Structures are given as structure tokens and as C-alpha cells.
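In what follows, a single structure is set out as C-alpha cells and then discussed.
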Amino acid sequence: MSLNGKVAIVTGSGQGLGLAYARELARQGAAVVINDVNADTAAQAVAQIEADGGRATAVVVPVGTTDAAKALVAGAVDTFGRLDILVTNAGILRDKSLLKMTDEDFDLVINVHLKGTFTCVREAYAYFKEHNVQGRIITIGSPTGQRGNFGQTNYAAAKAGIVGMVRTWALEMKKAGVTVNSVIPVAATAMTKTVPYFQKAVEADERGEAMPSFFRHDLGFGTADDVSGLVAYLASDEAANITGQAIGAGGDRLQVWTHPEAATTEYREGGWSYEALQENAGQLFTAETLQSYGEEFLPLPEGLKPAQPAEAR
């Protein structure tokens with residue numbers, strides 16, 4: 001097993017995607033620090049990993065503050081003697097359209113996702129530097145952070161910010177031999193269960209059946225386990241040459257996302273005044289040069305369309 005002797009922290013790992021990441025890291029030989037805000041949930045996750053033959057402990061703390069980050073690192077070092085891997089998965093949702101989103105809705109999501117990633121990475125990197133550990137940091141992004149999504153101003157800002165921090169940290173950590181990447185998962189979660197488009201995929205997964213190929217292949221949508229292999233690989237010594245990347249995983253699909261690059265470049269001597277832009281706008285801003293935004297899903301095949309409620313028929 002490639003992660004034998006390694007110790008990992010996975011934030012927000014009591015259930016869902018985070019638990020899948022933690023179980024795979026443990027399956028590959030790492031000892032794992034489980035993190036959740038609910039002690040019973042965290043204890044059940046630890047028991048599940050131990051039942052699988054792995055090693056785990058729990059640190060029950062809400063991610064966001066520096067004190068929480070310190071407690072997580074201390075939990076790893078005090079229990080297992082070291083720290084090698086950090087996966088920043090913890091997050092919450094407070095979805096509302098812009099005019100309905102409150103300051104609290106915005107601040108809560110930013111605090112857990114964005115600040116929580118910042119504080120945990122800062123604390124882990126300080127440990128890596130002090131102890132000369134060529135550690136692995138895997139942050140968790142989202143297609144929403146890459147493309148935007150209706151009703152998710154707070155979440156989109158946090159997830160886009162995480163990828164921006166990853167690019168910066170890759171520069172800062174390179175000399176120390178520490179890698180940092182962002183994984184962009186596309187998988188069945190509690191959130192996707194509420195989206196009618198994914199109904200047939202989620203139902204198949206809940207029955208223990210393989211999702212239809214349309215979801216797994218065409219959409220790159222799958223289970224949490226489909227993402228966990230990438231997380232574990234990026235945590236390994238074999239991935240020492242991969243850093244500063246946003247890599248998507250879902251179903252049968254793997255994607256390396258591009259970094260922002262100029263789609264088109266035009267020059268004008270003297271610069272672009274208001275009048276010059278008026279005169280040239282038709283050639284500068286066209287359907288080919290303006291960029292798309294948001295995610296557009298393929299039409300569902302007839303047999304995979306969600307069942308309509310009786311009153312809607």
C-alpha cells in the first residue's frame with residue numbers, strides 16, 4: 001500500500017464525500033484523523049475505518065478558526081506521531097439567490113470553505129516546514145467555483161477562491177517539496193439527491209446498482225468512491241510532480257482544468273478609450289470571444305427522465 005506510514009487529516013469526513021476520501025486513504029495504508037462537528041458521526045466514521053482494518057481517530061471541531069486548525073494538527077501528531085497529508089473537505093451550503101442571501105448566509109459559507117481551507121493549510125504547512133516533511137495538500141473545489149451556479153454566490157466565491165489560493169500556494173511551497181492541488185468532484189451527495197435531473201442516477205446508487213452510462217460517461221457523474229482514488233493518488237509519493245492543479249473526477253471521467261488564459265487579445269496604439277470601444281465593439285465582443293458561464297447539462301434520454309408527481313401528470 002503506497003501510503004503506509006503516512007498520517008492524514010480529512011476535514012468534514014464524518015460522512016459523504018469526506019468519509020469516502022478518509023476510507024480510501026486508510027485503505028491505502030494511511031492513519032486518518034476524522035473531523036466532524038458531531039461527535040457521534042465522527043465516532044461512527046472512526047469505527048467504520050477500524051472495521052475495514054484501518055487506523056483512525058476523531059477531532060470534533062467546526063473548521064474555520066486557527067484554533068480548530070491547530071487542534072486538527074495536534075490530533076494527528078499526538079495520536080499518530082506525525083502529519084503528511086491534509087484534505088480540506090469541510091463545508092456547508094446556504095443556497096439562495098443574491099437578493100435573498102443574507103450576510104450570515106454569505107459569511108458562514110465563506111468561513112467554513114474558504115477561511116477553513118486557509119487556516120488548516122497554513123497550520124499543516126507550518127508543520128511540514130518545521131519538520132522537513134514533503135507533505136501533500138488536497139483542497140476540494142467544485143464545478144460551481146469553476147463555472148458558477150444559480151443561487152450559490154457564497155459557495156461559488158469560496159470554491160473559486162480555493163483554487164486561486166492553490167495556485168499561489170503551489171508557488172510558495174515548491175521549494176519545500178510540498179504539493180497542493182484542488183480536486184473538483186462530481187458525485188452523488190445529499191445535495192444532488194434533491195435535483196430531479198439526477199434522480200435515476202441517485203436511485204440506482206441507492207439500490208447498489210451501477211449508475212446508467214449516460215451519467216457516468218457522458219456527464220462524468222458518479223459516486224463518492226469514484227473521486228476518492230484521485231485524492232489518495234495525489235496524497236502519494238508518486239504524485240510529487242503534480243502541484244498547482246485543479247483536477248476533476250466523477251464517474252468514468254477525469255479532467256485537468258485549464259487555468260484562466262486570455263481567450264483573445266487585441267492591441268490599439270494609444271489604448272482603448274470609450275470611443276474606440278464603441279467603434280470596435282462589434283469585432284471585439286462576439287459570440288466566439290465572449291465566454292460561457294454556468295453549467296449546461298445534456299438532455300436526459302427518455303428512459304432516464306425523472307418520474308413526474310401524480311398531480312403533475
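The values are calculated or read from the model by the stated rules, or taken from the named source; none is laboratory data. The shown structure was predicted, so the numbers you read here are calculated from the model rather than taken from an experiment. Counting neighbours? That spans all protein chains shown, and the Cβs are built from the backbone with ideal geometry, glycine included. Side chains included, ligands, DNA and RNA excluded: accessible areas come from the protein's heavy atoms. Shrake-Rupley method; radii C 1.70, N 1.55, O 1.52, S 1.80 Å.
Worth pointing out:
- Cα-based radius of gyration of the stretch 257-297 once divided by 2.2 N^0.38 Å, which approximates compact folds: 1.49
- Residue ranges 252-261, 203-212 sort as 203-212, 252-261 when ordered by packing (mean number of other C-beta atoms within 10 Å per residue, highest first).
- When all protein chains stay in place and ligands, DNA and RNA are ignored, the 1.4 Å accessible-area order of 6, 193, 174, 159, largest first, is 174, 193, 6, 159.
- Label point 7 Å beyond Cα of residue 132 along Cβ direction - residues of the stretch 169-185 with amide nitrogen under 19 Å: 173-179
- Residue among 263, 43, 190 with the largest mean-square fluctuation in a Gaussian network model of the chain, springs linking Cα atoms under 10 Å: 263
- Solvent exposure ordering (accessible area, 1.4 Å, most first) of 217, 113, 131: 217, 131, 113
- Environment charge at residue 165 (Cβ cut-off 12 Å; Lys +1, Arg +1, Asp -1, Glu -1): +3
- Given in Å, the Rg to one decimal and the Dmax to the nearest whole number for the Cα atoms of the stretch 1-142 are 15.0, 50.
- Percent of beta bridges antiparallel (DSSP, the chain, rounded to nearest 5): 10 percent
- Here the stretch 67-220 is treated with +1 on each Lys and Arg Cβ and -1 on each Asp and Glu Cβ, and its dipole about the Cα centre works out to around 440 debye.
- In straight-distance terms, cross-link reach from residue 115 covers every one of the lysines whose alpha-carbon lies under 18 Å from its own, apart from those fewer than eight places away in the same chain; here that gives 70, 159.
- As an equivalent ellipsoid, the chain spans semi-axes of 34, 27, 19 angstrom, where each value is the square root of five times an eigenvalue of the C-alpha gyration tensor, largest first.
- Whole-number percent relative contact order across the stretch 183-257, with pairs defined as alpha carbons under 8 Å at least 6 apart: 40 percent
- Accessible surface of the stretch 1-147, 1.4 Å probe, proportion on carbon and sulfur as whole %: 48 percent
- Mean separation of Cα contacts under 8 Å, 6 or more apart, over the residue count of the stretch 38-167: relative contact order %: 26 percent
- Segment residue 277-residue 79, extension gain: residue separation times 0.36 nm, minus the distance between their alpha carbons: 65.0 nm
- For the stretch 260-275, the Karplus equation 6.51 cos²θ - 1.76 cosθ + 1.60, evaluated at θ = phi - 60°, returns couplings of x, 9, 5, 6, 7, 9, 10, 10, 8, 4, x, x, 10, 6, 4, 5 Hz by residue, with Gly and Pro reported as x.
- Cβ-based charge dipole, the chain, positive-most Cα from 182, 13, 285: 13
- For the chain, the per residue solvent-accessible surface stands at 52 Å², with DNA, RNA and ligands left out and a 1.4 Å probe.
- Cβ charges +1 (Lys, Arg) and -1 (Asp, Glu), total dipole of the chain, debye: 560 debye
- In a fully extended conformation the segment linking residue 195 and residue 104 would gain 30.3 nm over its present Cα-Cα distance, using 0.36 nm per residue.
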